[in-house]
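Novice: Before I ask anything, let me first share the structure, which is written out below as structure tokens.
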Ligand code: PLP
């Protein structure tokens, strides 16, 4: 067999490797505390599940339009108007099987050899992986702890070259929980006026997960870039629907036919009952979302001071999502070595920052989408590990 060379350029989410190891260890009888997983530990609210069951009973068994059923795209448009105050034609919305697919399509549309695509580092690993697949050059945007892991508009703008076609931004962010303040977005958008050929992919999958009453600052608020902004959003995180596989993109009108053609070539459409469930998520009661967010906030306030207090660790308070990203350089260990040591010796699954890019060295990602008991137990075990190895004084 001879595979296409591009296959060797495709990366992965190494978080899944850690999870596979943790699962295998648990199966072998080890007591594992898992703070590695990037999904809510809540069930999908029951009225959403019921809507899917009803859709199946009502005979929604067939293909749907490739861009999604109109009632769903209209519901998304209403949600965009209510929450973000923007008017979007439902024909610019393309419903896809998960937030990841909007990202995949956007990068495929712009990436080819000779082109540069910028992406956040540390950031969601699939950005770099797919950019490399296309043969384009991945250009990392380094995110700094001192800025709460928000990107620096000045740094991004300074690195745009005539070969830059696409800039990917993500706020609130995986793996850091960082949030980009509105002032930084203002500066970024103002600077983009000098780069009219650059398109922006804004991954806002965690938009509903902002803390401290700070409203989510979105790139959709800038009409001057609406004709070159791709918005990525979806249901996975907000309504605890990671396994349903549904998300959406809002595309500039010129790009819609390309996105739809990619969908037709790839998956045809998202399964019909999930689309009906997604309407129930948007239009039904939001109390489960509010309760989940209140609980994540409580855990954030629990885990961050505990992490900050560990020898060799320091941790900034994340403004969004459900991740904490402590600096572990004071332990003297690399992120990979500490990740492996904690899993093997203490059965604690967390993810090395290097899984999210080279600028993730010196950090670990903790997901606090886990119970209070799990968080407290993990932190106890980590302290024991550090003490046993005489780390951090
Ligand atoms: N974007 C970011 C930043 C994410 O962290 C994730 C999932 O972890 C996704 C997109 C993909 O979401 P989905 O499960 O809807 O494909």
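Novice: Once you have a ≥ b ≥ c as the square roots of the Cα gyration tensor eigenvalues for the range 138-282, tell me rounded if a/c is under 1.5, and otherwise prolate or oblate according to whether a/b is larger than b/c. Walk me through the numbers on the way to the answer.
Specialist: Numbers: a/c = 2.08, a/b = 1.31, b/c = 1.59.
Judged from the Cα gyration tensor, the range 138-282 comes out oblate (a/c at least 1.5, b/c at or above a/b).
Novice: Treating the angle as unsigned and between 0 and 90°, give the value, to the nearest 10°, between the Cα long axis of helix 256-266 and the longest Cα principal axis of the chain.
Specialist: 70 degrees
Novice: Under the classification rounded if a/c is under 1.5, otherwise prolate if a/b is larger than b/c and oblate if not, where does the range 6-146 fall, given a ≥ b ≥ c as square roots of the Cα gyration tensor eigenvalues?
Specialist: oblate
Novice: Another question, then. How big is the chain on each of its three principal axes, counting only the C-alpha atoms and giving the largest first in Å?
Specialist: 60, 55, 53
Novice: Using a ≥ b ≥ c from the Cα gyration tensor of the range 92-177 (square roots of the eigenvalues), is it rounded, prolate or oblate, where a/c under 1.5 gives rounded and otherwise the larger of a/b and b/c decides, a/b for prolate?
Specialist: Numbers: a/c = 1.89, a/b = 1.18, b/c = 1.61.
Taking the square roots of the gyration eigenvalues as a ≥ b ≥ c, the range 92-177 is oblate.
Novice: Tell me the angle of helix 335-346 to the major Cα principal axis of the chain, expressed in degrees between 0 and 90 and rounded to the nearest ten.
Specialist: Relative to the chain, helix 335-346 is tipped by roughly 60 degrees.
Novice: With angles folded into 0 to 90 degrees, how steeply does helix 70-84 sit against the dominant principal axis of the chain? Use alpha carbons for both and round to 10.
Specialist: So the inclination is approximately 60 degrees.
Novice: Taking the range 131-178 on its own, what percent of its Cα-Cα pair distances exceed 12 Å? All intermediate terms of the calculation are to be shown ahead of the outcome.
Specialist: Numbers: 765 of 1128 pairs.
Pairs farther apart than 12 Å: 68 percent.
Novice: Can you give me the relative contact order of the range 1-160 as a percent, contacts being Cα pairs under 8 Å and 6 or more apart?
Specialist: Taking the mean separation of contacting Cα pairs over the length of the range 1-160, I get 22 percent.
Since every read-out is calculated from the coordinates, none of them should be taken as a lab result. Keep in mind that what you see is a predicted model, and the values were worked out from it rather than measured.
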